[in-house]
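Visitor: Structure in structure tokens, see below.
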Amino acid sequence: MSTDGDVHGDAAPLEINLDRHNLPVSSLSSLLRVLQAVLRELARSNDSTRAFFADPPHPVLRLSAGVSDEDLVLSFMFDLPGEAGPSSELSRTAFGRLMTSLTDFIKDLPQKGLWGQSVASPRPQRYDSEIGRRLGELRVELRRFPRARLRYDHRSILFEGARMEIEQ
């Protein structure tokens, strides 16, 4: 994980690592759209960050891209409008909530038994909140890639096809 105190203040960026070879543009575009939507929803639903989105212009989710080994590394930070620059508070809160919420969402998913059938009843397609729906969309988008790792702070979630691994 890369942190740059001069560029990002005291908050680390949210990172997504993808295999950099043969990336479908439509999958990458859809992932970026869904990620932005879930992050904004999480920030708007939190008391400490709701005010950032109260009046326009709203914060902008910024992307920096780089390459590490065989991975395309996408790094995200929220910038405040105008000349204000990166917002450590908004980024730290939204990214932390994303990792916690997505981890909880994944843990609630039905698990496969020894012969592949679901042990628990399948999750209904209707979600109890807009955030739940957005987290479901994000999981679907990350699973479109052969391998994707979502990383923030000391936590990461690895997606390899149907397999998901949470590291904390």
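The values are calculated or read from the model by the stated rules, or taken from the named source; none is laboratory data. Computed from a predicted model, the values in this text were never measured in an experiment. Neighbour counts run over all protein chains shown; Cβ positions are idealised from the backbone, glycine included.
Visitor: Given the residues Ala43, Ala37, Ala12, Ala94, which is the only one that is part of a loop (DSSP other than H, G, I, E, B), surrounded by 13 or more Cβ atoms within 10 Å (Cβ to Cβ) and in contact with a Lys or Arg (Cβ under 9 Å, 6 or more places away or on another chain)?
Guide: Step by step, each of Ala43, Ala37, Ala12, Ala94 is checked, and only Ala12 is part of a loop (DSSP other than H, G, I, E, B), surrounded by 13 or more Cβ atoms within 10 Å (Cβ to Cβ) and in contact with a Lys or Arg (Cβ under 9 Å, 6 or more places away or on another chain).
Visitor: Would you check if Asp104 is surrounded by fewer than 15 Cβ atoms within 10 Å (Cβ to Cβ) and closer than 24 Å to Met164 by Cβ?
Guide: So Asp104 fits the description; yes.
Visitor: Right, here's the next one. Which residues, taken from region 133-155, are hydrophobic (A, V, I, L, M, F, W, C) and either within 10 Å of Ile16 (Cβ to Cβ) or assigned to a strand (DSSP E or B) (or both)?
Guide: Result: Leu142, Phe145, Ala148, Leu150.
Visitor: Next up: Hey, could you check region 46-77 for residues that are of a type in the set (Asp, Glu) and at pLDDT 95 or above and say which is surrounded by the most Cβ atoms within 10 Å (Cβ to Cβ)?
Guide: If we take residues in region 46-77 being of a type in the set (Asp, Glu) and at pLDDT 95 or above, then Asp71 is surrounded by the most Cβ atoms within 10 Å (Cβ to Cβ).
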